[in-house]
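Data first, discussion second: the structure below is written as structure tokens.
FYI, it's all coordinate maths here, none of it is from the lab. Since the model is a prediction, treat every value here as computed from it, not as a measurement. Every residue, glycine as well, gets a Cβ built from its backbone with ideal geometry; the counts of neighbours run over all protein chains shown.
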Amino acid sequence: MAETNSQYDVIVVGGGPAGLCAAMYAGRGMLKTLLIERGLPGGELLNTEVIEDYIGFEHILGHELAEKMTKHALKFGAELVTDTVATVEREADGGFVVRTELEKTYRAPAVIVTAGGTPTKLGVPGEKEYAGRGVSYCAVCDGAFFKGEVLAVVGGGDAAVEEADYLTRYAAKVYIVHRRDQLRASAILQQRARSNPKIEFVWNQVVEEIEGEPRGVTRLRLRDTVSGAISTLPVGGVFVFIGFRPNTGIVREHFEHDAQGYMVTDSNMMSSIPGLFAAGDVRVQLTRQITTAVGDATTAAIAVEKYLAERREQAAVGAS
């Protein structure tokens, strides 16, 4: 059990695939490692029914892969704490202090941020009002509640198309509402969706408002992105998959990032702040997959080992 105010070699913030992999490699490197995760380890794996694109597993359930990763992550001595990180702050000596919502404090000369992201909201009237009553951001979590309903999925990327396909096992019909006239999803997912008789595409439309009754969502108010025409789409629920906002706000120091807030790193996953590393969905990169997350994490953990060794050498030289 981790103790408050205790010192670690590295603290990993976030227990998704990137965080679990980083903790495994850091522990295997004989570093005193703390992994802080606010819920069950696994991250988005827990919201994904089946994984088909992780090498070595042609077909594996998301929760099953999460369990395997967690067991492996803790095999080499990493400590796991269930808590929510509130802030990551740099101290005068160049190390970091991590404070949590349970008012715990942990310190380390290096931190790997693997905190993932939060689903991007539509930001339209009715979204907040009907959250949990027809508005959802997780098909695996909530799909079974909509058996026999007509649903809408908003988005055009991999997540939107994959979740729409999943929802057809419960729904009578699923509309994919996209602001453009073509999808951004991978070819194989597009092919799967186009061949699904329960899926219909609604092109060049954006959601202007989510309308409903006390029991829940009843329809979407849409605007045509080409003509500007307003229309309505009767649905019993809407699932939003239009992107993620990186959970980088916990870092209190200024760091280099892109316009969306994703952390900019070097090839060793170090941010513009020495000792602060990033891996997975919080980092600027071309694609966000399990494979890229664990690849980032592997590099970050090994880079932390080298960073700490150099830090010790510099301290020894300064003391001599």
Cysteines not pairable in the chain (beta carbon separation under 4.7 Å absent): 21
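With +1 on the Cβ of every Lys and Arg and -1 on the Cβ of every Asp and Glu, and nothing else charged, how large is the dipole of region 130-245 about its Cα centre, in debye rounded to the nearest 20? Display every interim value, and only then the final one.
Values: 15 positive and 13 negative charges, 21 e Å.
Charge dipole of region 130-245: 100 debye, to the nearest 20.
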Expressed to one decimal in nm², the mean projection of the alpha carbon convex hull of the chain is 17.9
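Evaluate the charge dipole of the chain about its Cα centre and quote only its size in Debye, nearest 20, assuming +1 on the Cβ of each Lys and Arg and -1 on the Cβ of each Asp and Glu.
Charge dipole, the chain, about its Cα centre: 320 debye, nearest 20.
Report the gain in length on full extension from residue 103 to residue 145: 0.36 nm times residue separation, minus Cα-Cα distance, nm rounded to one decimal.
Numbers: separation 42, 0.36 × 42 = 15.12 nm, distance 3.65 nm.
Answer, rounded to one decimal: 11.5 nm.
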Residues in region 9-26, backbone N under 19 Å from the label point at residue 64 (7 Å along the Cα-to-beta-carbon vector): list them, ranges by number please. 17
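Which percent, nearest 5, of DSSP beta bridges in the chain are antiparallel? Provide the component values of the computation, followed by the final result.
On the way: 30 of 64 bridges.
Counting only bridges with both partners in the chain, antiparallel ones make up about 45 percent.
With a 10 Å Cβ neighbour count serving as the proxy for reagent exposure, in which order, fewest first, do 264, 235 appear? List each step's numbers first, then the result.
Details: 264 13, 235 26.
In increasing order of surrounding Cβ atoms, one gets 264, 235.
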Return a whole-number percent for the relative contact order of region 135-240, with Cα pairs under 8 Å and 6 or more residues apart as the contact set. 30
Can you give the local net charge around residue 18? Use residues other than it whose beta-carbon is closer than 14 angstrom to its beta-carbon, Lys and Arg +1, Asp and Glu -1. -2
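Would you please put 228-234, 279-285 in order of how densely packed they are, using the mean number of other Cβ atoms within 10 angstrom per residue and starting with the highest? Working shown, then result.
Numbers: 228-234: 11.6, 279-285: 25.9.
Those peptides, ordered most packed to least, come out 279-285, 228-234.
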By Cβ neighbour count within 10 Å, fewest first, 299, 265, 105 rank 105, 299, 265
Model label zone, residue 53; criterion: amide N under 12 Å from point 7 Å along Cα-to-beta-carbon; scope region 167-197: 184-191
How big is the gap, in Å, between the Cα center of region 76-105 and the Cα center of region 249-320? 16
Just rank 138, 21, fewest to most, by other beta-carbon atoms within 10 angstrom. 138, 21
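Here are some pairs, 68/121; 32/75; 68/104; 32/71; which of them have Cα atoms lying more than 24 Å apart in this structure? Please report the intermediate quantities before stating the final value.
Details: 68/121 31 Å; 32/75 13 Å; 68/104 28 Å; 32/71 17 Å.
From the list (68/121; 32/75; 68/104; 32/71), the Cα-Cα distance tops 24 Å for 68/121; 68/104.
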For the residue pair residue 188 and residue 202, what label-to-label distance in nm results when each label sits 7 Å from Cα along the Cα-to-beta-carbon direction? 3.0
If each residue of separation counts as 0.36 nm, what is the full-extension length gain between residue 259 and residue 120 once their alpha-carbon separation is subtracted? 48.6 nm
